[in-house]
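Peer 1: Supplied in structure tokens, the structure appears directly below.
The values are calculated or read from the model by the stated rules, or taken from the named source; none is laboratory data. Given the structure is predicted, the values throughout are model-derived calculations rather than measurements. Note: ideal-geometry Cβ built from the backbone for every residue, glycine included; neighbour counts use all protein chains shown. Just the protein is used for accessible areas: all its heavy atoms, side chains included, with ligands, DNA and RNA removed. Shrake-Rupley method; radii C 1.70, N 1.55, O 1.52, S 1.80 Å.
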Amino acid sequence: MASTLFPGVALVTGAASGIGRATARLFAREGCRKIVLADLNKSGLQETYKMITDSNKDVSLLVAETDVTTESSVSDMVKHAVAKFQRIDYAVNAAGLMSIPMKSHETTLEEFERINSVDYKGLWLSSREQIKQMRTQEPLETHDGRPGNRGAIVNVASVLGQVARPNAAPYCGAKGAAISITQADAIDYSPDNIRVNCVLPGVIHTPMIDHILEYYRPEINMQALGRLGTADEIADCILFLCSSKATFVQGAAFAADGGYTIR
């Protein structure tokens, strides 16, 4: 039996800030000793690296500067991870962008492609390469001796992939696609013993929305709990879905939205 819920190797995209950073840090706190930090933001990656190493001296980290919109960059990310750690057990695809608030007739093709290149295409490119590697692996040991999985992927979508909001058609569409990709891959790779799930955050306090926080006040008020969520609270959900306590969870769209969708 594994002495930790996370005896394997974690890879987190979007690790330079927000939910990705919180997830990488939580992996380290919860006993994962091998973590890949991936993002295009080099300075942000270095900040995350320092945060983890300052409090977890025994964690081995790989910093992978990665553009998730580029096939070769994503492929290199996985190759470098496997070269250093031999496998990838928990893959969290948290790289994402917010759209500029506007209706479809006001939205340029450039803005549409900016959002979809990361939130849709980038997520698919990342999960595709992770799956290729996971299919070659033996299942990982578990905390209680139950049969383990070859790998677990968690895609960070959004509650707005299930319910729409005004002035966000490209973002809602991209996050809806992320949910659909998750569920389709969960079906296709169940025979390979690979789990694929997604988490659906509500309005979360991250640097990505700081400058438009008041714009989201109606959505914050719609969340039954009546407050912003935190990146750490989403990371908690992500780690559960990655862990061997979730070995029978497959294709889930796990809402962590403070009750947004029940109002």
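Peer 1: Please find, within the range 237-263, the residue that is nearest to A15 (Cα to Cα) out of those that are open to solvent by 30 Å² or more (accessible area, probe 1.4 Å) and in a helix (DSSP H, G or I).
Peer 2: By that ranking, first place goes to F240.
Peer 1: From (1) touching a Phe, Trp or Tyr at 6+ places or on another chain (Cβ under 7 Å); (2) closer than 17 Å to L241 by Cβ; (3) open to solvent by 10 Å² or more (accessible area, probe 1.4 Å), pick out the condition that doesn't hold for V9.
Peer 2: Here V9 meets the rest and fails (3).
Peer 1: Please work out which one of (1) closer than 30 Å to E106 by Cβ; (2) in contact (Cβ under 8 Å) with a residue 60 or more places away in the chain; (3) more than 15 Å from the chain's Cα centre (by Cα) is the condition R146 fails and give its number.
Peer 2: (1)
Peer 1: Tell me which residues, restricted to the range 218-236, are under 30 Å from L140 (Cβ atoms) and surrounded by fewer than 19 Cβ atoms within 10 Å (Cβ to Cβ).
Peer 2: The answer is T230, D232, E233, D236.
Peer 1: If A16 satisfies all but one of (1) surrounded by fewer than 23 Cβ atoms within 10 Å (Cβ to Cβ); (2) under 22 Å from A256 (Cβ atoms); (3) touching a Gly at 6+ places or on another chain (Cβ under 6 Å), what's the number of the condition it fails?
Peer 2: (1)
Peer 1: Next question. Give the range 171-190 a look and list any residue that's β-branched (V, I, T) and crowded, with 18+ Cβ neighbours inside 10 Å, or say none.
Peer 2: I179, I181, T182
Peer 1: Follow-up question, since we're still on this one. Within the range 148-172, how many residues are of a type in the set (S, T, Y) and in contact with a Cys (Cβ under 9 Å, 6 or more places away or on another chain)? Walk me through how you get there before you give the answer.
Peer 2: First pass over the range 148-172, keeping only residues of a type in the set (S, T, Y): 158, 171.
From the residues that got through so far, the ones that are in contact with a Cys (Cβ under 9 Å, 6 or more places away or on another chain) too are 158.
Selection size over the range 148-172: 1.
Peer 1: Can you go through H211, H205 and tell me which one is at pLDDT below 95, more than 18 Å from the chain's Cα centre (by Cα) and open to solvent by 40 Å² or more (accessible area, probe 1.4 Å)?
Peer 2: Residue meeting the stated conditions: H211.
Peer 1: How many residues does the range 44-80 hold that are part of a strand (DSSP E or B) and either over 24 Å from P207 (Cα atoms) or open to solvent by less than 90 Å² (accessible area, probe 1.4 Å) (or both)?
Peer 2: If we filter the range 44-80 for residues that are part of a strand (DSSP E or B), which is where we start, we get 60-65.
So of that shortlist, the ones also either over 24 Å from P207 (Cα atoms) or open to solvent by less than 90 Å² (accessible area, probe 1.4 Å) (or both) come out as 60-64.
Total meeting the criteria: 5.
Peer 1: Between a residue in the range 103-123 that is without any contact (Cβ under 8 Å) to a residue 40 or more places away in the chain and any residue that is open to solvent by less than 70 Å² (accessible area, probe 1.4 Å), which pairs come within a Cβ distance under 7 Å, given they are 6 or more apart or on different chains?
Peer 2: Close Cβ pairs (under 7 Å, with a partner that is open to solvent by less than 70 Å² (accessible area, probe 1.4 Å)) amount to R114/L97.
Peer 1: Turning to a different aspect of this structure: Consider the range 149-182. How many of its residues are under 26 Å from P7 (Cα atoms), more than 14 Å from the chain's Cα centre (by Cα) and part of a helix (DSSP H, G or I)?
Peer 2: Total meeting the criteria: 0.
Peer 1: Looking only at the range 56-69, decide whether some residue is of a type in the set (S, T, Y), farther than 24 Å from N193 by Cα, at pLDDT 95 or above and out of contact with any strand residue (DSSP E or B) (no Cβ under 6 Å at 6 or more places or on another chain).
Peer 2: For the range 56-69, residues of a type in the set (S, T, Y), farther than 24 Å from N193 by Cα, at pLDDT 95 or above and out of contact with any strand residue (DSSP E or B) (no Cβ under 6 Å at 6 or more places or on another chain): present.
Peer 1: Could you grab me the full set of residues in the range 30-55 that are within 30 Å of E113 (Cα to Cα) and in contact with a strand residue (DSSP E or B) (Cβ under 9 Å, 6 or more places away or on another chain)?
Peer 2: Correct list: V36, L37, A38, D39, L40, N41, K42, L45, Q46, T48.
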